[in-house]
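Heads up, the thing below is written out as structure tokens.
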Amino acid sequence: QVQLVESGGGLVQPGGSLRLSCAAAGFTFSSYAMRWYRQAPGKERELVGIVGAVGDTNYADSVKGRFTLSRDNVKNTVYLQMNSLKPDDTAVYYCSVWHGSTWYWGQGTQVTVSS
């Protein structure tokens with residue numbers, strides 16, 4: 001059974017940093033690309049970035065240069081390091097994986113950027 005559990009969210013001031021984690025179980029983590037999405041109130045869910053099985057990354061234009069994806073295939077965990085945070089980054093952040101012709105999602109973790 002695929003399980004994804006995000007953690008690390010919280011309240012941070014503009015310009016601050018947070019590191020989100022997503023612990024995965026129930027599939028061969030090292031073989032799959034992992035994605036981070038976010039959804040702000042009243043907005044559609046948007047892709048933040050993708051980290052491939054071998055650690056290659058792609059990012060949304062809105063976070064390039066500020067966010068960094070990484071993965072630890074021993075700990076079965078994917079990370080999202082977020083720097084220079086802006087109020088527009090306020091959202092619920094989700095990790096996701098496409099496995100067995102199905103999308104799996106974690107429960108999300110709230111990130112609030114506010115002074």
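The values are calculated or read from the model by the stated rules, or taken from the named source; none is laboratory data. Only a predicted model underlies this, so the values are computations on that prediction, with no experimental measurement involved. A quick note on method: Cβ atoms are made from the backbone with ideal geometry, for glycine too, and the neighbour counts reach across all protein chains shown. Only protein heavy atoms, including side chains, enter the accessible area calculation; ligands, DNA and RNA are left aside. Shrake-Rupley method; radii C 1.70, N 1.55, O 1.52, S 1.80 Å.
Structure notes:
- Point-charge dipole on Cβ atoms (K/R +1, D/E -1) for the chain, about Cα centre, debye to 20: 100
- Nearest-10 value in Å² for the accessible area of Phe27, using the 1.4 Å probe: 30
- Only lysines eight or more places from Lys75 in sequence, or on another chain, were considered; those with a Cα closer than 28 Å are Lys64.
- Across the range 6-58, Cα-Cα pairs more than 15 Å apart make up 63 percent of the total.
- Surface composition of the chain: carbon and sulfur make up 47 percent of the accessible area, probe 1.4 Å.
- Neighbourhood charge, 13 Å Cβ-Cβ cut-off, centred on Ser62 and excluding it, Lys, Arg +1 and Asp, Glu -1: +1
- Against the rule of thumb 2.2 N^0.38 Å, how large the Cα Rg of the chain comes out: 1.00
- All alpha carbon pair distances within the range 59-115 were sorted into 5 Å bins beginning at 0; the resulting P(r) in whole percents reads 4, 14, 21, 26, 19, 10, 4, 1, 0.
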